[in-house]
Amino acid sequence: MRRRSLLLATVSAALGSLTGCHSGIPSASTTGASTSPAVPATSAPPPPKIVDGPLPAITAGTRFGEKPALAKSPGRPSKDLAVRTLIVGSGPTAAANDYVQADFLGQVWDTGKVFDDTYDGKKPTFIHLADNGSLPGWRYALTGKKVGSRIECSVPPTWGLGTHGNTRLGIKGSDTLVFVMDLHAAFNAKSSAHGEEVAQNDVSLPKAGTNTDGKPPAIDIPRTTAPDKLVANYVLKGNGPAIKADSTVLLQYKGVLWENGKEFDSTYSRNTLTALSPQQVVPGWTRGLTGKNVGSRVLLVIPPNLGYGTNPPPGGPIKKNSTLVFTVDILAAI
């Protein structure tokens, strides 16, 4: 398996983990499992002025998806964020707070040294276009660009790795960084799974909506006794890779109580997606989502012993020994 991008690891450490966005999903820590503390986020720099150049020429790999090669940078870099669209895509437009999937190559302006890229491993990275969600220069360079576009940008330290740089990558605190980025996909609060519909014939189980319009699916609770074992059934079955317990996945979800059907948590109501590992939440999520395919919608019915049990969050709608029902759309593996 290819290593994770060194730059992305640096960004995560400096700005907070990609999986650090808010989630109301039951935490594994409430059931005795441990979770890693979030890295404190740094304050975001002010928005940059965006200019057209200067930028180095691409000397090879000029087509979308090809690994590019860059000439040595011309003269001194701009003190502002230089952004140029080399190929205009025809897909959806990436907006603020979206998650985007992109390939990138990074080069130091002064030396022309390539310090990281995702093309060789054929594994694009995910970038959150939000405060403290990615390299600030990436956020400003990619917001407003269409999927299928190739973007070149030069990022001064203020919107890059800051004045400390990164010695492991050979980046000084004074270095401007040059990136070429190919934008493959964008996900936002209106994204849905688009798998093949699977029959829901068991009348003793909740029935979940199959809509793919980005609206929250309905969850109809039957007038029967809640099951005492975990239910993890496909509603829509995708054809993406099967996720592992330690995978990081991008999700839409909705949670309701079996006893009354009332919603207690939802990414739809917060208007934002969640990125996490199934290991970070209650055992019912870990067991229910592990092995499921990306692109799927999964119905989870979680009995108390795999959920909150006798220790629900104080003051909330979830009571002791509640059975929890979720629809979970697995949008992507990060």
Would you check if there is a residue in the stretch 198-210 being on the phi > 0 side of the Ramachandran plot, under 24 Å from the mean Cα position of the chain (by Cα) and not aromatic (Phe, Trp, Tyr)?
no
In the stretch 54-70, anything touching a residue at least 60 places away in the same chain (Cβ under 8 Å) and on the phi < 0 side of the Ramachandran plot is listed as Pro54, Leu55, Pro56, Ile58, Phe64, Pro68, Leu70
Leading residue by the ranking (nearest to Ser174 (Cα to Cα)) among those in the stretch 82-127 that are of a type in the set (Ser, Thr, Tyr) and in contact with a Lys or Arg (Cβ under 6 Å, 6 or more places away or on another chain)
Tyr119
Suppose the filter is assigned to a strand (DSSP E or B) and within 24 Å of Lys123 (Cα to Cα); does Val235 pass it?
no
Mind checking which strands (runs of 3 or more DSSP E) fall wholly inside the stretch 90-200 and carry at least 2 residues that are crowded, with 22+ Cβ neighbours inside 10 Å and at pLDDT 95 or above?
99-108, 150-155, 177-187
Filtering the stretch 282-334 down to residues that are among the charged types (D, E, K, R) and within 24 Å of the chain's Cα centre (by Cα), which residue is surrounded by the fewest Cβ atoms within 10 Å (Cβ to Cβ)?
Arg287
Subset of the stretch 238-256 (residues that are assigned to a strand (DSSP E or B) and surrounded by 18 or more Cβ atoms within 10 Å (Cβ to Cβ)):
Val249, Leu250, Leu251, Gln252, Tyr253, Lys254, Gly255, Val256
Where Thr225 falls short, out of the listed (1) in contact (Cβ under 8 Å) with a residue 12 or more places away in the chain; (2) surrounded by fewer than 17 Cβ atoms within 10 Å (Cβ to Cβ):
(1)
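The values are calculated or read from the model by the stated rules, or taken from the named source; none is laboratory data. In this text, all values refer to a predicted model and were calculated from it rather than measured experimentally. Every residue, glycine as well, gets a Cβ built from its backbone with ideal geometry; the counts of neighbours run over all protein chains shown.
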